[in-house]
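One structure is given below, encoded as structure tokens.
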């Protein structure tokens with residue numbers, strides 16, 4: 001979708017703004033229709049049909065207006081890999097895509113594994129109209145050995161911990177992390193993957209990995225770790241969130257866990273759902 | 001212009017049975033040239049071919065180079081070590097730089113599957129795949145088919161067993177694709193851990209019994225087994241592999257009629273094949289090597305022949 005109006009080269013005044021012809025979708029109120037919105041001093045005043053006097057008019061025909069979106073799993077790559085992404089470029093991308101809140105993963109270099117680094121990232125994101133939340137590492141340096149100072153990090157406003165980029169390999173460490181985080185009202189986000197089964201793989205293992213000659217990863221590489229998380233959640237009473245679920249076996253395990261009332265949640269990626 | 005429907009040879013998956021037939025027929029004419037006292041024709045005079053081998057190869061690179069020289073092409077060899085690639089240049093930049101020196105054909109080998117497809121999207125040159133990871137090795141399958149056709153006249157209905165490490169074998173994949181297109185039956189034989197998932201969907205029969213494969217096949221194409229697969233835990237030992245999947249004279253003698261023995265090389269004598277089999281009268285392993293040059297001449301001629309100046 002192209003717009004003749006770029007949201008960045010012509011800053012509009014929220015004091016008196018007329019948004020024309022967008023499809024307005026608001027699941028909370030059940031609205032889904034084309035409307036003209038008149039905004040005064042940052043607050044929706046009316047759904048007027050006439051263009052108000054001296055308002056900045058933005059033609060949004062063919063566009064949508066929705067509540068701000070939230071992305072629970074982003075990588076801002078800063079510090080350490082600024083060539084790929086920065087906090088600023090990530091926030092701009094979020095804003096462009098309609099996301100008003102993001103949660104970034106801690107697999108930077110160094111890892112976001114203490115309150116100081118968490119606070120630093122959030123401070124860098126302050127200038128953008130996007131809420132930057134930080135998911136802190138589960139273990140120091142994401143090495144899978146020692147727990148980070150979770151209490152202090154939670155006190156700094158963090159609610160989730162993850163060694164994303166890879167799994168927490170040791171089940172003992174994972175269990176202790178879930179228990180400790182649960183005490184603090186936080187949860188663990190697990191990048192579910194059996195490293196031994198997934199090693200060297202670049203795509204789902206099956207007929208097409210064979211035809212293309214690309215090393216495959218079996219779906220059970222993910223599901224085996226999901227099963228481990230379900231058992232740990234049940235044993236500990238803690239909460240675990242499964243990142244980027246991509247295997248049907250994992251979905252089935254999460255579904256069963258939810259039916260049992262366990263505190264297991266999951267997320268999926270659009271490209272896993274939409275790209276064949 | 002190419003004399004085939006394809007501009008490149010990226011894999012046999014892109015080629016029809018008729019086109020494979022054309023290549024095999026042309027290969028016979030090329031082999032006649034190889035048998036002459038003066039083994040050189042001016043067909044590709046003025047055509048420049050780069051052999052871009054970014055993974056080690058002796059046999060295939062030599063075979064291509066000889067095929068190019070027999071057709072009077074100008075050739076240039078390029079390997080990863082000692083090149084800018086070892087200084088951190090990307091493969092694409094290296095290829096673009098070579099192409100900027102005005103070459104016509106790039107023969108390439110690379111460890112990553114799909115790398116010839118990738119270069120074909122970015123270069124103007126004709127790309128010939130000389131092996132991309134475990135994906136395809138089309139000229140090897142063509143020379144295997146040429147050798148089988150020499151022996152049996154036609155591939156239709158021929159039963160060919162591929163024995164060994166199918167999982168890591170680009171030779172196996174191209175043979176499966178090519179043989180199926182030519183109407184042959186393909187039997188796959190190897191330990192379960194060395195047979196990739198979903199292979200049964202490619203219309204092959206799979207067996208884990210070498211005796212069974214020998215009973216049913218007219219020819220065996222025996223693939224090289226690498227020690228590193230043992231250390232990766234895919235099979236217990238070379239000793240056990242040899243005992244159950246090594247092709248020996250004793251096993252072959254159980255067949256009702258003699259089987260033709262192929263091996264793409266390099267052989268591990270005493271592992272996947274014993275010397276008495278490799279050197280037997282039913283072995284066509286060295287004919288494969290001769291046919292390799294002929295097949296590569298045919299592919300070069302059919303793809304790049306239209307580019308050459310008309311010979312006087």
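No value in this document is a laboratory result; all are computed from the given coordinates. Everything numeric here is computed off the predicted structure, so don't read it as measured data. Backbone-built Cβ (ideal geometry, glycine too); neighbour counts: all protein chains shown.
Please give the FRET efficiency for residue B:74 paired with residue B:36, using the beta carbon to beta carbon distance and R0 = 25 Å, rounded to the nearest 0.05. After rounding, the FRET efficiency stands at 0.70.
Taking a ≥ b ≥ c as the square roots of the Cα gyration tensor eigenvalues, with a/c under 1.5 meaning rounded and otherwise prolate when a/b beats b/c, else oblate, which class fits the protein assembly as shown?
It is prolate, given that a/c is not under 1.5 and a/b is the larger ratio.
Volume per residue for region B:138-289 equals 97 cubic angstrom (convex hull of Cα atoms).
Spin-label model, residue B:62 to residue A:120: label points 7 Å out along the Cα-to-beta-carbon direction sit 5.7 nm apart. In degrees between 0 and 90, to the nearest 10, how far off the longest principal axis of chain A does helix A:220-236 point, with axes built from Cα atoms? It is inclined by approximately 90 degrees. Against the main long axis of the alpha-carbon atoms of chain B, helix B:59-70 sits at an angle near 40°. Rank B:179, B:234, B:210 by mean-square fluctuation in a GNM of chain B with C-alpha springs under 10 angstrom and give only the top-ranked residue. Maximum fluctuation in the GNM of chain B, among the listed residues, is at B:234.
Over the residues of chain A, the helix contribution to mean residue ellipticity at 222 nm works out to -8500 deg cm²/dmol, using -39500 (n - 2.57) for each DSSP H run of at least 4. For region B:1-105, what log10 I(q)/I(0) values come out of the Debye formula at q = 0.18, 0.21, 0.22 1/Å, with one point per alpha carbon and no solvent? For region B:1-105 at q = 0.18, 0.21, 0.22 Å⁻¹, log10 I(q)/I(0) is -1.09, -1.31, -1.36.
The mean number of Cβ atoms from other chains found within 10 Å of a Cβ in peptide A:210-221 is 6, as a whole number. Measuring nothing but how far apart in sequence close Cα pairs (under 8 Å, 6+ apart) lie, relative to its length, chain B scores a relative contact order of 23 percent. When you restrict to C-alpha pairs under 8 Å that are six or more residues apart and normalise by the size of region B:31-83, the relative contact order lands at 45 percent. How far is helix B:138-152 tilted, in degrees, relative to the longest principal axis of the Cα atoms in chain B, given as a value from 0 to 90 rounded to the nearest 10? Tilt of helix B:138-152: around 60 degrees.
When chain A is treated as a GNM with alpha-carbon contacts under 10 Å, the residue of A:175, A:19, A:262 showing the greatest mean-square fluctuation is A:19. Averaged over the residues of peptide B:190-201, the number of Cβ atoms from other protein chains lying within 10 Å of each residue's Cβ is 3. GNM, chain B, Cα, under 10 Å: largest mean-square fluctuation among B:125, B:86, B:57? Checking each option, the largest mean-square fluctuation is seen for B:86. What separates the Cα centres of region A:130-202 and region B:241-257 is a distance of 54 Å. The Cα center of region B:104-170 and the Cα center of region A:82-110 differ in position by 43 Å.
The helix-only estimate of mean residue ellipticity at 222 nm for chain B, built from DSSP H runs of length n ≥ 4 each weighted as -39500 (n - 2.57), is -11500 deg cm²/dmol after division by the residue total.
More than 17 Å apart: what percent of Cα pairs in region A:16-65 qualify?
Roughly 30 percent, rounded to a whole number.
Of all DSSP-defined beta bridges confined to the protein assembly as shown, some 20% are antiparallel rather than parallel.
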